[in-house]
Amino acid sequence: MNLHEYQARDLLMKAGVPMFEGGVAATPDEAEAIARKLGRAVVVKAQVHTGGRGKAGGVKLAATPAEAREHASRIIGMNIKGLTVEKVLVVPAADISTEAYVGLIMDRETQRPVYMVSAAGGVDIEEVAATTPEKITRLPVDPVYGLLPHQALGLALTLYQDYPKVKAAARIMQQLWTAFTANGASLAEINPLVTTPDGEVLALDAKISIDDNELDRRPDLAQLRDDSAEEPSEVAARAAGLTFIKLDGNVGCVVNGAGLAMATMDLVKYYGGEPANFLDIGGSSNPEKVVNALRIITSDPAVKAILFNIFGGITRTDDVANGIKTALEQFPVQVPIVVRLTGTNEKEAVRILEGIGMTALGDMDEAVSRVVALAREAA
Amino acid sequence: MSIFIDRSTQLVVQGITGRDGGFHAKQMMEYGTNVVAGVTPGKGGQKFEGKVPVFHTVADAIRETGANASVIYVPPAGAASAVMEAADAGIKFIVCITEGVPVMDMTRVMPYVRSKGARLLGPNCPGLITPGESKVGIIPGNICAPGRVGLVSRSGTLTYEVVHHLTKNGIGQSTCVGIGGDPIIGTNFIDCLRAFQDDPATDAIVMLGEIGGTDEQQAAEFVAEHVTKPVVGFIAGQTAPKGRRMGHAGAIISGSSGTAEEKMQAFEAAGIRVMKRPVDVVELVGGKA
C-alpha cells in the first residue's frame with residue numbers, strides 16, 4: 001500500500017527525521033491559509049500515488065500566499081498519469097546547497113532491508129544508478145540487530161565530509177530504520193536529503209510503501225489507505241475480496257489465481273483480442289464473489305464479451321457456476337459469456353450451467369479464441 | 001527418485017484442526033501421503049479423522065512419530081513462528097502454504113531456518129507433489145501423473161493448467177514444485193533447478209515464471225552455466241500494464257524493469273525454449289522426457 005507524501009512525512013517525523021513543518025490542503029483557500037501561516041515562500045505539491053509529479057506540473061513554487069492559492073487551484077483536480085489530485089501539500093521552500101538520496105527497500109535477493117545511499121540525489125537518481133552505479137552505496141542490514149551505529153556513520157560518510165553534517169545524516173539513517181521497521185514498510189525513501197546554506201541536514205520529500213500483509217495486524221496503518229487515490233472499480237473489487245485491475249480492452253476476464261489470470265490475458269492478446277481487466281477471484285471461491293466480479297466487469301461499457309477461466313483446485317467449479325447463475329438472475333448481462341472450467345466438481349458445474357442454457361468448455365485455447373471472436377463481432 | 005519428497009516422507013501437519021489444514025490433510029491422506037502427525041497447540045491428545053495423533057508441539061510430534069517433513073496451514077499471524085518451531089524441532093523440510101505472512105517476519109525466519117540446516121518452501125505457495133508417491137500442500141493430485149519431467153513454478157493455478165496439458169498428452173512428472181510469489185521465499189527457482197539437474201529421475205525441466213523481480217533472469221544464468229538437461233520456460237504477464245511506480249529504490253535495486261519481454265529474452269539467451277501459450281509445453285517438452 002502506497003502512502004501519500006504527507007502521510008509518509010508524518011511517519012518519518014514521528015521517528016525524529018528533521019523535516020519542514022507544513023500543511024495539507026484540499027482547497028485553494030486552505031493552501032493560502034497554510035502559506036500565510038508559514039510566512040515565507042512555499043512549494044505546493046500534488047499528493048498522488050505516482051512518481052514524476054514535478055515533470056507533470058504538479059509541484060510549484062509560490063512566493064506569496066496568493067500565488068500558493070493560484071497554484072493550488074490549478075493542481076487540485078489535475079490529472080497525473082490517470083490519477084486525480086485531491087490534496088496538495090504546502091511546505092516552506094528550501095534554500096538548497098546539496099541534494100542526496102537515501103532509500104531503504106526490502107530486497108528479494110539478500111532477503112534483508114537494503115540501504116541505498118548516494119551523494120548524487122534528486123530526480124535523476126535512476127539515471128545515476130544506470131550509468132554510474134559506483135556512486136550508489138548499498139548496505140544490507142541484518143534485521144535481528146538493526147542498523148548498527150558504525151554502519152549508520154559509514155553510510156553518512158559517503159554523503160558528507162563535514163563532521164556535524166555526517167553526524168546529523170547518521171542520525172537520520174537510524175531514524176529511517178526505525179520508521180521502516182516500526183511501520184512494516186517495503187520501501188522508505190528520502191529524495192532529496194538536502195543541506196542548507198546554514199549547514200542543516202533535512203529531508204525534503206518522503207515516500208513510504210507499506211507491506212499489504214501488515215495491514216491485518218496494524219489497523220493504525222490500514223486506516224491510512226486513501227480510496228479516492230485509486231480507480232473506483234478497483235476499490236469496489238477490493239471490498240469484495242477480489243483483485244482487479246482495469247485495462248483498456250473489451251474482453252472481460254474472470255480467473256482464479258494471479259498467474260493463470262495473467263496467462264489468460266496473454267492468450268486473449270495472442271488470439272488478437274485485448275483484455276479489459278485483470279481479475280483474480282482468489283482461492284476459496286464462494287458464489288457471491290463471482291456475482292460481484294460480474295457486476296464490476298459489466299459496469300465497464302467497453303466490455304463486449306466476458307470470459308471465465310476457472311481451474312478448480314481449492315476453488316470449486318460448481319461454486320463458480322452457481323455464482324454465474326445467481327448473477328444472471330439478479331441483473332441482466334447484455335454481453336455474451338464464455339465459460340471454461342475444469343477441475344474440482346466439474347460435472348456438477350456443467351450441469352448447473354446447462355440448466356440455464358449455457359455450455360461450458362474444457363479447453364483454455366478454445367474458450368479464449370471464441371470469446372475474442374465474440375468481442376470482435378460486437379465491437 | 002524425485003526431489004524434496006517421496007515415499008519415505010513422513011509428514012506432520014501444523015494447523016491440522018483448522019478448516020484449511022483439516023481439509024487438505026484429508027486430501028493428502030487420500031492421495032497416499034504418509035501423514036503421521038498433526039500439531040495444534042491446546043489440542044494435543046486428540047485424533048484427527050480417528051487415526052492421526054495430534055500434539056501440542058512439533059517437538060512432541062517428532063518424538064512420538066518420527067516425522068521428517070512439515071506442512072503449515074496456520075493463519076498469517078502465527079505462520080512465522082510455526083516455521084521456526086518446525087526448524088527448531090529438527091524438521092529439515094518445511095512447506096508453508098499460508099498466504100499473507102508479513103515480509104518483515106520472513107527476514108527473521110530465513111536466517112533462523114538456515115541456521116538449523118532446514119529448507120523452507122514458501123510461504124504463500126501451493127506446495128509440491130511427487131506423483132504416485134507423496135503430495136504436500138494443495139496441488140490437485142488427479143491432474144498429475146508419474147513420469148520424468150520436473151516442474152517449478154511461481155504460481156498456483158497456472159501450474160495446474162500446464163501440468164494438465166502434460167498429463168493429458170501422456171507426459172508424466174517427477175516432481176512439481178510451487179515456490180510461491182512472495183518477496184522473500186525459502187526455496188527459489190535456482191534451488192529447484194539444481195535439485196532437478198541432480199535428480200536421475202528427471203529428464204527435462206519446465207519453469208513457469210511471472211513478471212516482476214529478477215528471479216527468472218538469475219535462474220536463466222544458472223541454467224546457462226549449470227543445467228545440461230533441456231529446460232522449457234514460460235512467463236505470465238506479457239500483457240500486464242506497467243504499474244504506476246512510487247519512488248526509485250525498486251528500479252535501483254534490481255537494475256531491471258522486470259517485464260515479461262526482458263525475462264523471455266534472458267530465457268532465450270540461456271538456451272531455454274520459451275512457451276508462448278501454456279499448451280505449447282506439450283510440443284516443446286515432447287520427446288525430451
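The values are calculated or read from the model by the stated rules, or taken from the named source; none is laboratory data. Note that the coordinates shown come from a computational prediction; the quantities given were computed from them, not determined experimentally. Ideal geometry is used to build each Cβ from the backbone, glycine not excepted, and the neighbour counts take in all protein chains shown.
Within the range A:316-328, the presence of at least one residue that is within 14 Å of chain B (Cβ to nearest Cβ), within 20 Å of A:Leu267 (Cβ to Cβ) and out of contact with any Phe, Trp or Tyr (no Cβ under 8 Å at 6 or more places or on another chain) is confirmed. Listed conditions (1) modelled with pLDDT of 95 or more; (2) among the hydroxyl-bearing types (Ser, Thr, Tyr); (3) buried (at least 24 other Cβ atoms within 10 Å of the Cβ) are all met by A:Thr317, apart from (1). The listed residues are B:Gly100, B:Gly186, B:Gly117, and the only one of them that is on the phi > 0 side of the Ramachandran plot and either assigned to a helix (DSSP H, G or I) or in contact with a Pro (Cβ under 9 Å, 6 or more places away or on another chain) (or both) turns out to be B:Gly100. Only one of the listed residues (A:Val48, A:Val42, A:Val24) is modelled with pLDDT under 95 and either under 13 Å from A:Val88 (Cβ atoms) or in the same structural domain as A:Ile190 (by TED's automatic domain parsing) (or both). That residue is A:Val48. The selection criterion, being at pLDDT 95 or above and not β-branched (Val, Ile, Thr), does not hold for B:Met1. Would you mind stating whether A:His71 is in a loop (DSSP other than H, G, I, E, B) and surrounded by 20 or more Cβ atoms within 10 Å (Cβ to Cβ)? Considered against the rule, which asks whether it is in a loop (DSSP other than H, G, I, E, B) and surrounded by 20 or more Cβ atoms within 10 Å (Cβ to Cβ), A:His71 comes out as no.
Looking at the range A:129-171, which of the residues that are farther than 25 Å from B:Thr107 by Cβ and either among the acidic types (Asp, Glu) or in a strand (DSSP E or B) (or both) is farthest from the other protein chains (Cβ to nearest Cβ)? If we take residues in the range A:129-171 being farther than 25 Å from B:Thr107 by Cβ and either among the acidic types (Asp, Glu) or in a strand (DSSP E or B) (or both), then A:Asp162 is farthest from the other protein chains (Cβ to nearest Cβ). A single member of B:Gln173, B:Gln197 is among the polar types (S, T, N, Q), under 21 Å from B:Asp280 (Cβ atoms) and more than 11 Å from every other protein chain (Cβ to nearest Cβ), and it is B:Gln173.
Inside the range A:182-210, residues that are farther than 29 Å from A:Gln161 by Cβ and assigned to a loop (DSSP other than H, G, I, E, B) make up a count of 2. Say we look at the range B:95-147 and pick out the residues that are more than 27 Å from A:Ser186 (Cβ to Cβ) and of a type in the set (D, E, K, R); which of these is farthest from the other protein chains (Cβ to nearest Cβ)? In this case the residue turns out to be B:Glu133. Restricting attention to the range A:333-372, the residues being over 33 Å from the mean Cα position of the chain (by Cα) and assigned to a loop (DSSP other than H, G, I, E, B) number 8. In the range A:229-253, the qualifying residues are those that are within 13 Å of chain B (Cβ to nearest Cβ) and over 16 Å from the mean Cα position of the chain (by Cα), and the one that is surrounded by the fewest Cβ atoms within 10 Å (Cβ to Cβ) is A:Asp248. The set of residues in the range A:73-97 that are closer than 22 Å to A:Ala63 by Cα and among the polar types (S, T, N, Q) comprises A:Ser73, A:Ser97.
When A:Met262, A:Met173 are checked against the criterion of being buried (at least 24 other Cβ atoms within 10 Å of the Cβ) and in contact with a helix residue (DSSP H, G or I) (Cβ under 6 Å, 6 or more places away or on another chain), a single residue qualifies: A:Met173. In the range B:218-238, of all residues being buried (at least 22 other Cβ atoms within 10 Å of the Cβ) and within 29 Å of A:Leu279 (Cα to Cα), the one that is farthest from the other protein chains (Cβ to nearest Cβ) corresponds to B:Val232. Considering only residues in the range A:104-128 that are in a loop (DSSP other than H, G, I, E, B) and over 30 Å from B:Gly181 (Cα atoms), the one that is farthest from the other protein chains (Cβ to nearest Cβ) turns out to be A:Ala119.
Note on the range B:259-289: residues that are in a loop (DSSP other than H, G, I, E, B), surrounded by fewer than 16 Cβ atoms within 10 Å (Cβ to Cβ) and at negative phi amount to 2. Tallying residues that are surrounded by fewer than 21 Cβ atoms within 10 Å (Cβ to Cβ), closer than 15 Å to B:Ser70 by Cβ and in contact (Cβ under 8 Å) with a residue 40 or more places away in the chain within the range B:21-43 yields 1.
Among the conditions (1) within 13 Å of another protein chain (Cβ to nearest Cβ); (2) at pLDDT 95 or above, the only one that A:Thr195 does not satisfy is (1). Pairs are defined by a Cβ separation below 6 Å, a sequence spacing of at least 6 or placement on different chains, a first member in the range B:106-135 that is touching a residue at least 24 places away in the same chain (Cβ under 8 Å) and of a type in the set (S, T, N, Q), and a second member that is buried (at least 22 other Cβ atoms within 10 Å of the Cβ) and part of a strand (DSSP E or B); the pairs so defined are B:Thr130/B:Thr175.
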